[in-house]
Amino acid sequence: MPFAAAVFADLARIRQNAPLVVNITNNVVTNATANALLALGASPAMTHHPADAAELAALAGALVCNMGTPGGENIEAMLAAGGAANAGGVPVVFDPVAAGVTSRRREVAGRMLETVRLAAVRGNASEILALAGEAALSKGADSQHASREAAPAAVALARSLGCTVCVSGEVDVVTDGERVVELAGGHAMMTRVTGLGCTATAFVGAFLAVNPDYFAATCHAMAVMAAAGRLAAAGVAGPGSLAVRFLDVVYSLTEAEIAAGARVSA
Amino acid sequence: MPFAAAVFADLARIRQNAPLVVNITNNVVTNATANALLALGASPAMTHHPADAAELAALAGALVCNMGTPGGENIEAMLAAGGAANAGGVPVVFDPVAAGVTSRRREVAGRMLETVRLAAVRGNASEILALAGEAALSKGADSQHASREAAPAAVALARSLGCTVCVSGEVDVVTDGERVVELAGGHAMMTRVTGLGCTATAFVGAFLAVNPDYFAATCHAMAVMAAAGRLAAAGVAGPGSLAVRFLDVVYSLTEAEIAAGARVSA
Amino acid sequence: MPFAAAVFADLARIRQNAPLVVNITNNVVTNATANALLALGASPAMTHHPADAAELAALAGALVCNMGTPGGENIEAMLAAGGAANAGGVPVVFDPVAAGVTSRRREVAGRMLETVRLAAVRGNASEILALAGEAALSKGADSQHASREAAPAAVALARSLGCTVCVSGEVDVVTDGERVVELAGGHAMMTRVTGLGCTATAFVGAFLAVNPDYFAATCHAMAVMAAAGRLAAAGVAGPGSLAVRFLDVVYSLTEAEIAAGARVSA
């Protein structure tokens, strides 16, 4: 099956089944993430209470864990939900926002990697370098490295965790430790909309819920991001309009638009 | 007075008086709820600190309590604010998001119903069934039942609580335990924008603040939602644009638009 | 240098250097603030965990402290970050949302003024009157006073704190205790979009990060708000569209647009 057809087959399954995607995420992107998952066709649920999170995660098609605002309660909720998801065989994707930038974030990322079995990790180059234990430069949550610089670290991390790792950037690098794929597409203005990286992670969650091949699911989710972002940015006046059009485009994204907007290279 | 004229009379009072509507709500919709109340003409205030919430609630025209993300602090704030509102004669509307789905949500909803005297409850069919103690199917926060299925439960709940209950859905059912009204309007795409149910609850709050007939106030708020949603969705490219246009439409909604967009049947 | 040229020189520095602006803010505006700072060209980071906040603040070009939803954890984070910023010579701007309205807010504002050395304060007239210890009328977070009414209080507050104070409103008043400048521009519909006041404070933060003359930096930030708000509101259908266009306009704001949209009077 051609790549765009495989992406669209998963997207059609999401639209058909509306999988429950439970998100324990930062308080910057809760609304944007829920709206993006609804536009995609999934059924999002958000919480930051530990027991509530664990119980919801056990019911989910996938769990999205994002440490962007690492407060006390929401990080406990993230870890509790991760444990419940593991116990129930629910795939977990982790977004290590600004990992390595502060002690708190290093500690939280460390606890997550040690205690939760992950299906996928998605971060920018600085975050993946930091998770892999390498020196990385970040400005807050913004990477100071190109994604390809982090490809070797991503491969090493994927092998040590036994999961798929995605380094997103101008080019996205996706690896399961053996295969390495690059995806191009998207638009530079996407970095001027907060939380589109978090949206990418949530989309990975939705695709994990419908495709048991987590490497393929991650590639497919990133292809939807790239195609929708490129299409939404075309001729747009600025990042305010881009954020709105992104949701509109995702809502009605076609196989032809995926084929035109995302380029994959093995 | 014809229905649309009665709705518009309340809306005009909100625009004239800008009642303070205090919201203890989930962290997904804080921004969207505040923007919707501002577009309507009300003066929103949001908090999640218990003492702050109680003091604000005592000053309010109405209190909106929403348990969508049932964290420790914000639920204590919700209960503290509910008590202060009751003590001060401030009407309270409750949104039991995903009630029945987890133990935490059952516990929170139970505490709310036991300790706070409510003017109105607004939920989807699954949530109202769960509050009424009946078996209900939910997928996270999304109902798996049509609103009419929950009409008998809504009537029973309205009688036992002595308040108005609204079951929202493709058709909204509003009852005070004696009267039962159905409202049609809106648009299916509204379910693809997160938090429009929460917005409906906040609008009920704003109408409670200007109309002491809580059954009428609830019907009027839902009519504004239905009319504005239908108008905003007309010809729209997707849910991103719908959310933006919804605010624009609410801001300038006319009596004629209400008459055209919301249909009521006794 | 003409005023608009000086404003644009700072804006160009923000776009060039993308200073890290750390925000400890309320949970209503996290997303809107991050998007506004990204549209401006800055690099925002948001958190509500005390140790994380302190460590991020020490790395920042400026720190933005906003007490809009004064919860336990985020207020501790605000104070911890303020201390770290002071220790590292990082300028701090404070937004005393609804100061004076509740005991909790009076207590938080008092702790902030006592323990953190501020570069700037931005609030509406009621908030500045309350900080200065004068009687003020608020409806929740909305001022019941015109900004000029609070000008004497702003001058007194600026002198006692040794910082710049901005009273925003239909006309913005900016003072360092000696100089007093008025800025006109903006649009009345801006009050129907939640958090544009918080955005103004965040913009002050971004300008503090690139201009060591904090009085000038504050004037320049408010000029960008006024010019962008006026331009974004021109011909707009309502507050939903205004919020979107505001980001688009900020993203591409030119010196000529600043000159046309913000009027300054000494």
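The values are calculated or read from the model by the stated rules, or taken from the named source; none is laboratory data. Predicted model, so just to flag it, every value in this text is computed and none were measured. FYI the Cβ positions are ideal-geometry reconstructions off the backbone, even for glycines, and counts take in every protein chain you see. Just the protein is used for accessible areas: all its heavy atoms, side chains included, with ligands, DNA and RNA removed. Shrake-Rupley method; radii C 1.70, N 1.55, O 1.52, S 1.80 Å.
Looking at residue B:217, is it crowded, with 24+ Cβ neighbours inside 10 Å and farther than 17 Å from residue B:15 by Cα?
Numbers: crowded, with 24+ Cβ neighbours inside 10 Å: yes; farther than 17 Å from residue B:15 by Cα: no.
So residue B:217 fails the test.
Within the stretch C:143-156, is there a residue that is on the phi > 0 side of the Ramachandran plot, surrounded by fewer than 24 Cβ atoms within 10 Å (Cβ to Cβ) and either in contact with a Pro (Cβ under 7 Å, 6 or more places away or on another chain) or in contact (Cβ under 8 Å) with a residue 12 or more places away in the chain (or both)? Quick ask: steps written out before the conclusion?
First, the residues of the stretch C:143-156 that are on the phi > 0 side of the Ramachandran plot: none.
No: zero hits.
Of everything in the stretch A:89-110, what is assigned to a helix (DSSP H, G or I), within 14 Å of chain C (Cβ to nearest Cβ) and open to solvent by 10 Å² or more (accessible area, probe 1.4 Å)? Give them in sequence order.
Looking only at the stretch A:89-110, we keep the residues that are assigned to a helix (DSSP H, G or I), and these are A:103-110.
Of the ones still in play, those that are also within 14 Å of chain C (Cβ to nearest Cβ) are A:103-109.
If the condition is that a residue be assigned to a helix (DSSP H, G or I), within 14 Å of chain C (Cβ to nearest Cβ) and open to solvent by 10 Å² or more (accessible area, probe 1.4 Å), then A:103, A:104, A:106, A:107 are the ones that fit.
When B:17, B:23, B:35, B:86 are screened for being open to solvent by less than 10 Å² (accessible area, probe 1.4 Å) and closer than 21 Å to residue B:210 by Cα, only B:23 passes.
Residues in the stretch B:236-266 that are within 12 Å of chain A (Cβ to nearest Cβ) and either open to solvent by 50 Å² or more (accessible area, probe 1.4 Å) or in a loop (DSSP other than H, G, I, E, B) (or both): B:236, B:237, B:238, B:245. Within the set of pairs 6 or more residues apart or between chains, which connect a residue that is without any contact (Cβ under 8 Å) to a residue 24 or more places away in the chain inside the stretch C:159-180 to a residue that is open to solvent by less than 10 Å² (accessible area, probe 1.4 Å) with Cβ atoms less than 6 Å apart? These pairs meet every condition: C:159/C:177; C:177/C:158. Among the residues of the stretch B:1-38, those identified as part of a helix (DSSP H, G or I) and polar (S, T, N, Q) are B:16, B:17, B:30, B:31, B:33, B:35. Does residue A:80 satisfy the criteria of being surrounded by 24 or more Cβ atoms within 10 Å (Cβ to Cβ) and either of a type in the set (A, V, I, L, M, F, W, C) or under 14 Å from the mean Cα position of the chain (by Cα) (or both)? No: the conditions fail for residue A:80.
Yes/no per residue for (1) within 7 Å of another protein chain (Cβ to nearest Cβ); (2) open to solvent by less than 10 Å² (accessible area, probe 1.4 Å); (3) basic (Lys, Arg); (4) farther than 18 Å from residue C:222 by Cα:
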{"position": "C:7", "(1), (2), (3), (4)": "no, yes, no, no"}
{"position": "C:13", "(1), (2), (3), (4)": "no, no, yes, no"}
{"position": "C:30", "(1), (2), (3), (4)": "yes, yes, no, yes"}
{"position": "C:64", "(1), (2), (3), (4)": "no, yes, no, no"}
{"position": "C:72", "(1), (2), (3), (4)": "yes, no, no, yes"}
{"position": "C:76", "(1), (2), (3), (4)": "no, no, no, yes"}
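Reported count of residues in the stretch A:157-181, each being closer than 14 Å to residue A:124 by Cα and open to solvent by 50 Å² or more (accessible area, probe 1.4 Å), is 1.
Of all residues in the stretch B:39-62, which are assigned to a helix (DSSP H, G or I) and open to solvent by 10 Å² or more (accessible area, probe 1.4 Å)?
We begin by selecting, within the stretch B:39-62, every residue assigned to a helix (DSSP H, G or I); these are B:39-40, B:50-59.
Residues satisfying the conditions are B:50, B:51, B:54, B:55, B:58, B:59.
Scanning the stretch C:198-209 for residues that are open to solvent by 10 Å² or more (accessible area, probe 1.4 Å) and within 14 Å of chain B (Cβ to nearest Cβ) turns up just one, C:198. A residue that is open to solvent by less than 30 Å² (accessible area, probe 1.4 Å), away from every other protein chain (no Cβ under 14 Å) and within 16 Å of the chain's Cα centre (by Cα) can be found somewhere in the stretch A:227-234. Given the conditions (1) more than 12 Å from chain C (Cβ to nearest Cβ); (2) within 30 Å of residue B:259 (Cβ to Cβ); (3) not hydroxyl-bearing (Ser, Thr, Tyr), which single one is not true for residue B:86? Of everything listed in (1) more than 12 Å from chain C (Cβ to nearest Cβ); (2) within 30 Å of residue B:259 (Cβ to Cβ); (3) not hydroxyl-bearing (Ser, Thr, Tyr), residue B:86 misses just condition (2). Pairing each residue of the stretch B:30-41 that is at positive phi with any residue that is open to solvent by less than 10 Å² (accessible area, probe 1.4 Å) and part of a helix (DSSP H, G or I), provided the two are 6+ apart or on different chains, yields C-beta distances under 9 Å for B:41/B:11; B:41/B:14; B:41/B:206; B:41/B:250. Annotation note: Cβ proximity below 9 Å between a residue of the stretch B:228-254 that is of a type in the set (Asp, Glu) and a residue that is not in a loop (DSSP other than H, G, I, E, B) (sequence gap 6+ or interchain) occurs for B:248/B:39; B:248/B:232; B:248/C:239; B:248/C:240; B:248/C:241; B:248/C:242.
Residues are listed down the side, and each one gets a yes or a no for (1) small (Gly, Ala, Ser); (2) farther than 30 Å from residue B:252 by Cα; (3) within 15 Å of the chain's Cα centre (by Cα):
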| position | (1), (2), (3) |
| --- | --- |
| C:128 | no, yes, yes |
| C:139 | no, no, no |
| C:153 | yes, yes, no |
| C:168 | yes, no, yes |
| C:194 | no, no, yes |
| C:199 | no, no, yes |
| C:204 | no, yes, yes |
| C:218 | no, yes, yes |
